[in-house]
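Colleague: One structure, as structure tokens, below. Some questions next.
Only the coordinates and a few stated rules stand behind these numbers; no lab work does. Because the structure is a prediction, the values reported are computed rather than measured. For neighbour counting, all protein chains shown are included, and Cβ atoms are generated from backbone atoms with ideal geometry for every residue, glycine included.
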Amino acid sequence: MICSFCSLLCDAEDLNCLTCSRRTNSLNQLVAIRNSQTMQPRKSVSDCIQRIRDSVQIAKRILITGRIASVQTSREAVAFAQHFDTTLDCAENGGVFRNVLAIQRSGMNSVSIAEARQISDVLVVVGDDSLTQSYPRLPILLRSSHRVRDSEPTVLLLGSFSLETMRQWRAVGFDVWSVPCEVSHVPQALAQWSNQQSKTNSQVSVAMESKLLRVLSESRYTSVIWSSALLQVSEPDLWVERMLDFIRTRNETVRTSALMLSSLDGTFQQTCTWLTGFPGRIRFRDSIPQYDPDQNRYERWIHNCTSDNGPSVVIVLDETVGYAPFELVLSEEELTRRNVVRWDLSTRSVETPVAVAGHEFPCDLFRADLVVQARSVPNHSSQDFKIETAASWLLGIRI
């Protein structure tokens, strides 16, 4: 079974019984949203589709953005953008693009969750407590009961981790060492340790340095784990690039790989790459995608809109729940002044709500390691709601 929030394989029979605050809060929020919507009058689906289609037909510029969680909606968003020659940018893909921009420059030595679980003898986890809060099943999923070696695998927590987080890793059988340090300095410090140069200038205590060096030097397979979306650093893409450089250099002598955890928006990035060759932030011209990671960002697109461009349309998709409310960078007043029509196909819109992927309808998505495509199937009462999916809305407008 796949958790539609961690995007991780889960061995629980009923995901709703898990002690996971993210999933529990999201289910409560979903019920509240649906209850409020049932009290409001809704226009027919055909009327809404026709109104959106009319707006799209006369628009000079069109943007599709928002939160896209499923493969189905990602595919339809690409088809829609290609059909109408529009700009396409997933608004929640900041963390994914930090990895993408770094990989484009440095390449990547990656590892899957299954490989890290079965082969790695050292796991280097970088970040803070938000990592385990966002991926609460991660310690369990990385602890294999069928390891070849009898010794306990070692986890090095680099950053700002609490005693509770250490306890969670120890509870499933890891030998845990925590190294309090500034996350922004970790790639440089690891490179220094690996090259055995400038050790006294590293940003961690000398007392812990010898332990870290010994563990890394004896490791036969090291996996370095982080989530770009959760990094508290000033230049995340450069941070990831430095980390990938360290991993690439380490592979000259010993096996080291990156396990970069993604959120649900990674599904859009993977699907868009399949279909277009680019991970998003594209604009179609004559049905040919043009990739520009700076100019095709949804914020830049909206800010560049003026009344002189003619009528513009922003189609906002949101097939997630449990996250902070999605808001465009401009207010409704500013959108009006810039001659932009905004169509919200979201769970928070009374007029055109969409079903929540993985909660109300089965959906295909990628795990947090962006390796395995899997199916998330609803297993609670909200699947009884008969609400259009984001993919069906886009298909209805396109045809």
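Colleague: Within 12 Å, Cβ to Cβ, of Val111, how many net charges do the neighbouring residues add up to if Lys/Arg are +1 and Asp/Glu are -1?
Modeller: Local net charge: 0.
Colleague: Still on this model: Normalised by the residues of the range 98-261, what does the relative contact order come to in percent, with Cα pairs under 8 Å and at least six apart?
Modeller: 35 percent.
Colleague: What shape does the range 98-261 take by its C-alpha gyration tensor, where a ≥ b ≥ c are the square roots of the eigenvalues and a/c under 1.5 counts as rounded, a/b above b/c as prolate, and the rest as oblate?
Modeller: The shape class here is rounded.
Colleague: Please check which bits of the range 236-269 a label hung off Gln373 would reach, taking the label as a point 7 Å along Cα-to-C-beta and the cut-off as backbone N under 19 Å.
Modeller: 262-269
Colleague: With a 10 Å radius around each residue's Cβ, average the other Cβ atoms per peptide and rank 351-361, 292-302, 154-164, highest first.
Modeller: 351-361, 154-164, 292-302
Colleague: How many nm separate the modelled label positions at Val45 and Thr24, each set 7 Å beyond the Cα in the direction of the Cβ?
Modeller: 3.5
Colleague: Further, regarding this structure: Can you order the peptides 314-320, 245-251, 273-279 by their average number of other Cβ atoms within 10 Å per residue, highest first?
Modeller: 314-320, 245-251, 273-279
Colleague: By its C-alpha gyration tensor, with a ≥ b ≥ c as the square roots of the eigenvalues, how is the range 211-278 shaped: rounded for a/c under 1.5, else prolate for a/b larger than b/c, else oblate?
Modeller: prolate
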